[in-house]
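Working notes, beginning with the structure itself.
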Amino acid sequence: MGLSSLYWVSFLFIGFGTMFLLGELLVKAKGLFAILGISLITLYFYAYLDPSMIITMMILYFLGILLIFIDGEFVNDGTLACIGIILMIISVGVSSPNWVIGLYAIIGVVIGAACSLLWLKVLPKRNMWTKIALLDRLTDEQGYTTMNTDYKELVGKTGVTLSNLRPVGTVKIGETHYSAQSDGYWIEKGTDIVVKQVDGTRILVDVLKK
């Protein structure tokens, strides 16, 4: 009995392959997860797909992974990541020899992507998912402050966001601009905020409840 007749094996190949590949992007796995993930995905394509479609579908799948990486490293708004996941689903689902294998493969992508988040609990995470590129150059001449010994006095004070906090951005408290961050969630530009905590030069803010 060949692998192609074992439908549930397609779920294992895609599920674990996706979990390892996305895990490589999320945590510092020193390339081991990438090797395991690529090996499993390649086995799936060679075992279940028509030989004439293998290269095209592999390109589509890894393009999806690339879009997720670009979103996490540079864009940070989730759009490219969603497109990437859709491409991954199309590459393993639509191209499958029958709907049963395709369904198993699609479920594998979804569950594998969700399970990849578990790596964050056991391995050191990469900085790419908290990295933020501010469009404005923060300088003292523009009224920005990044080092201030009086930061602790900001606790309880209110202000307004000058950029989207995702979760890092720029806020205005009084007449001074600060680099601040939310507690892991998005706060839109122009939102009233209150300083909840200060840790060194790290300013944690929350939406001001009126």
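The values are calculated or read from the model by the stated rules, or taken from the named source; none is laboratory data. Values in this document were obtained by computation on a predicted structure and should not be read as measured data. Cβ sites come from the backbone with ideal geometry, for glycine too, and all protein chains shown count toward neighbours.
State yes or no: is F16 modelled with pLDDT of 90 or more and in contact with a Gly (Cβ under 9 Å, 6 or more places away or on another chain)? It is true that F16 is modelled with pLDDT of 90 or more and in contact with a Gly (Cβ under 9 Å, 6 or more places away or on another chain). For region 35-42, the criterion of being over 20 Å from R126 (Cα atoms) and of a type outside the set (S, T, N, Q) is satisfied by at least one residue. The residue pairs whose first member lies in region 25-45 and is in a helix (DSSP H, G or I), whose second member is of a type in the set (V, I, T), and whose beta carbons are closer than 6 Å, counting only pairs six or more residues apart or on different chains, are Y44/I14; F45/I54. Screening Y46 on (1) surrounded by fewer than 16 Cβ atoms within 10 Å (Cβ to Cβ); (2) among the hydroxyl-bearing types (S, T, Y); (3) within 25 Å of the chain's Cα centre (by Cα) shows it passes everything except condition (3).
Could you tell me which of the residues G93, G72, G78 is touching a Gly at 6+ places or on another chain (Cβ under 6 Å) and among the small types (G, A, S)?
Numbers: G72 fails: touching a Gly at 6+ places or on another chain (Cβ under 6 Å); G78 fails: touching a Gly at 6+ places or on another chain (Cβ under 6 Å).
Going through G93, G72, G78 in turn, just one is touching a Gly at 6+ places or on another chain (Cβ under 6 Å) and among the small types (G, A, S): G93.
Consider G15 carefully, then state whether it is more than 30 Å from E188 (Cβ to Cβ), part of a helix (DSSP H, G or I) and either in contact (Cβ under 8 Å) with a residue 40 or more places away in the chain or not assigned by TED's automatic domain parsing to the domain that holds N164 (or both). Spelling it out, G15 is indeed more than 30 Å from E188 (Cβ to Cβ), part of a helix (DSSP H, G or I) and either in contact (Cβ under 8 Å) with a residue 40 or more places away in the chain or not assigned by TED's automatic domain parsing to the domain that holds N164 (or both).
Quick grid of which residues meet (1) surrounded by fewer than 20 Cβ atoms within 10 Å (Cβ to Cβ); (2) hydrophobic (A, V, I, L, M, F, W, C):
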position: S10; (1), (2): no, no
position: G15; (1), (2): no, no
position: G23; (1), (2): no, no
position: A34; (1), (2): yes, yes
position: I38; (1), (2): yes, yes
position: P51; (1), (2): yes, no
position: I54; (1), (2): yes, yes
position: L66; (1), (2): yes, yes
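Which of the residues belonging to region 171-210 are of a type outside the set (V, I, T), part of a strand (DSSP E or B) and farther than 23 Å from G72 by Cα? Before the answer, list the steps.
Of the residues in region 171-210, the ones of a type outside the set (V, I, T) are 172, 174-175, 177-186, 188-190, 192, 196-197, 199-200, 202, 204, 206, 208-210.
Remaining after also requiring part of a strand (DSSP E or B): 172, 177-181, 192, 196-197, 199, 202, 204, 206.
Across region 171-210, the qualifying residues are K172, H177, Y178, D192, K196, Q197, D199, D206.
Of the residues making up region 60-85, those that are touching a residue at least 12 places away in the same chain (Cβ under 8 Å) and either farther than 17 Å from L25 by Cβ or not in a helix (DSSP H, G or I) (or both) are L60, N76, D77. Reported count of residues in region 150-170, each being part of a loop (DSSP other than H, G, I, E, B), under 17 Å from K196 (Cα atoms) and either hydrophobic (A, V, I, L, M, F, W, C) or modelled with pLDDT under 55 (or both), is 1.
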